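The values are calculated or read from the model by the stated rules, or taken from the named source; none is laboratory data. Everything numeric in this text was worked out from a predicted model, so none of it was measured. Using ideal geometry, Cβ is built from the backbone for each residue, glycine included, and neighbour counts are taken over all protein chains shown.
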Amino acid sequence: MLTEVLSEITKNAEKSIISSVIASSALIKTESIKQKTKNGTSVIAKDTRKGTERVGYALEDSLKGQWVSQVQQILEENNRSMEQF
């Protein structure tokens with residue numbers, strides 16, 4: 001009887017330890033994935049913003065008129081939204 005109780009307590013302790021270790025490991029892995037995703041997204045947003053800025057400057061240098069002004073305005077708005085992203 002005492003051995004059964006002791007065995008049950010040991011099993012429960014082992015389960016708790018295993019659950020704790022696995023949960024901790026899963027949490028660390030999840031946080032790592034979140035951080036990598038955030039960093040990757042920031043790099044992509046920054047590259048996209050720079051690309052649209054270059055397009056705007058190229059249009060400004062090569063074309064003139066109301067159409068180009070509207071395109072530049074749209075590109076600037078997109079850049080602002082990328083900065084907020």
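Given the conditions (1) in contact with a Phe, Trp or Tyr (Cβ under 8 Å, 6 or more places away or on another chain); (2) of a type outside the set (D, E, K, R); (3) exposed (fewer than 10 other Cβ atoms within 10 Å of the Cβ), report the number of the one that residue 5 does not fulfil.
The number of the failed condition is (1).
Being among the charged types (D, E, K, R) and within 13 Å of the chain's Cα centre (by Cα) is the filter here, so list the residues in the stretch 20-45 that pass it.
Answer for the stretch 20-45, where residues must be among the charged types (D, E, K, R) and within 13 Å of the chain's Cα centre (by Cα): 31, 34, 36, 38.
Given (1) of a type outside the set (Phe, Trp, Tyr); (2) surrounded by 10 or more Cβ atoms within 10 Å (Cβ to Cβ); (3) more than 30 Å from residue 70 (Cα to Cα); (4) modelled with pLDDT under 85, where does residue 16 come up short, assuming only one miss?
Against the list (1) of a type outside the set (Phe, Trp, Tyr); (2) surrounded by 10 or more Cβ atoms within 10 Å (Cβ to Cβ); (3) more than 30 Å from residue 70 (Cα to Cα); (4) modelled with pLDDT under 85, residue 16 comes up short only on (4).
To keep it simple, each residue is scored yes or no on (1) modelled with pLDDT of 90 or more; (2) out of contact with any Pro (no Cβ under 8 Å at 6 or more places or on another chain); (3) surrounded by 10 or more Cβ atoms within 10 Å (Cβ to Cβ); (4) of a type in the set (A, V, I, L, M, F, W, C).
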site	(1), (2), (3), (4)
11	yes, yes, yes, no
21	no, yes, yes, yes
24	no, yes, yes, no
27	no, yes, yes, yes
31	yes, yes, yes, no
35	yes, yes, yes, no
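Among the residues in the stretch 57-70, are any small (Gly, Ala, Ser), part of a helix (DSSP H, G or I) and exposed (fewer than 10 other Cβ atoms within 10 Å of the Cβ)?
The answer is yes; a qualifying residue exists.
Sort out which residues of the stretch 1-44 are closer than 30 Å to residue 82 by Cβ and β-branched (Val, Ile, Thr), and write them in order of number.
So in the stretch 1-44, the residues closer than 30 Å to residue 82 by Cβ come out as 29-44.
Matches in the stretch 1-44: 30, 33, 37, 41, 43, 44.
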